[in-house]
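Peer 1: Okay, here's the structure, questions in a sec.
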Amino acid sequence: MNYATAILDLTNQQEAARVLPQAPLVASYHTGWQGLTFTHYRHPPHETVEHCLLQHSLVITDPKSCFQAERRLDSKFKHYAHGNGRVDVIPALLNHWTNWDREVEFSVIAICPTLLQQTAQQQAIELIPQLAIADPIIQQLALALKLEIQTGCRSGRLYGESLGTALAARLVQNYAVSQPEFKASGLPQSQLAQVIDYMQTHLAQDISILDLATLTNMSKSHFSRSFKQSMGIAPYQYLLQQRVKRAKRLLKQPALKQQTLSMSDIALECGFANQTHLTKVFRQMTGVTPKTYQKR
């Protein structure tokens, strides 16, 4: 590696600005998400410094962008047409330089290498660089992260980190040098009961996937797979179901209690960000609004 190459941490906003000096339009620095960082840019033509990153990075171009790009990855140079929602996968610690010829819009997702290692059940993972590939799953996961930040991260840390785990799984399954062997098994009943009890006890709080994984002494990705194997749904989906169930109970309380508990109070007591968030999720899961349900 060239001695002048900058080694940068994309989770640090100041260091990220050394590669992309334009301030991001959307960023996850404030979210508390563990293992991934999301930024979205509208950036003028630019030539980056020679650098390598401590994280694996995904560059997802906006579907409406179309431009010419140049990249050099460990001395391998490529000039290519980019945009139209296509994706670059840049492995961590890869000597790297790039430039583009016009203002473009794109997202950058930095994923900690340990998250991939945990996803592969502690097996070492080496990614193959990819340039301008079509991957609709990565596109959709990136869009979900962007929308979550833009709407105030109402769904909590568990949702954002679950998307990060899904991205890590996608990279391991599709862009690793060799495919790891997974041992699929559910949680032991005692651990499953402990996790469910924790969710119920802390339903009003912003639960993270790390909180739940720590209870089982598993990595976040191993826990997520094991929980889904046991319950048939992901931890975040189960948590939402339990929050809606609690909201149903509170909505059907005797009239005297209902008068002292507003819809906003019910939302917060069930772990929703606000009344609007409660209404959206409640309607998605039941087909009716909380007020309609209450009047039945």
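Peer 1: Considering only the stretch 57-148, give the strands (runs of 3 or more DSSP E) lying wholly within it that have at least 2 residues that are of a type in the set (K, R) and either assigned by TED's automatic domain parsing to the domain that holds T11 or at pLDDT below 95 (or both).
Peer 2: Passing ranges, in order: 66-73, 76-83.
Peer 1: Scan the stretch 267-276 residue by residue and report those that are buried (at least 22 other Cβ atoms within 10 Å of the Cβ) and assigned to a helix (DSSP H, G or I).
Peer 2: Of everything in the stretch 267-276, just one residue is buried (at least 22 other Cβ atoms within 10 Å of the Cβ) and assigned to a helix (DSSP H, G or I), namely A267.
Peer 1: Would you pick out the residues in the stretch 277-291 that are surrounded by 13 or more Cβ atoms within 10 Å (Cβ to Cβ) and part of a helix (DSSP H, G or I)?
Peer 2: Scanning the stretch 277-291 gives H277, L278, T279, K280, V281, F282, R283, M285, T286, P290.
Peer 1: Can I ask one more? What pairs can you find where one residue is in the stretch 122-148 and closer than 14 Å to R86 by Cβ, the other is basic (K, R) and assigned to a helix (DSSP H, G or I), and their Cβ atoms are less than 8 Å apart, with a gap of 6+ or different chains?
Peer 2: D135/R170; I137/R170; I138/R170
Peer 1: Say whether the condition of being surrounded by fewer than 17 Cβ atoms within 10 Å (Cβ to Cβ), charged (D, E, K, R) and in a helix (DSSP H, G or I) is met by at least one residue in the stretch 222-240.
Peer 2: No, there is no match, as no residue in the stretch 222-240 is surrounded by fewer than 17 Cβ atoms within 10 Å (Cβ to Cβ), charged (D, E, K, R) and in a helix (DSSP H, G or I).
Peer 1: Can we say Y41 is assigned to a strand (DSSP E or B), touching a residue at least 40 places away in the same chain (Cβ under 8 Å), within 25 Å of Q13 (Cβ to Cβ) and not charged (D, E, K, R)?
Peer 2: Taking the combined requirement at face value, the residue satisfies it.
Peer 1: If the requirement is being under 21 Å from the mean Cα position of the chain (by Cα), among the small types (G, A, S) and modelled with pLDDT of 90 or more, which of these qualifies: G271, G287?
Peer 2: The conditions single out G271.
The values are calculated or read from the model by the stated rules, or taken from the named source; none is laboratory data. Since the model is a prediction, treat every value here as computed from it, not as a measurement. Glycine also receives a Cβ, built like all others from the backbone with ideal geometry; neighbour counts cover every protein chain displayed.
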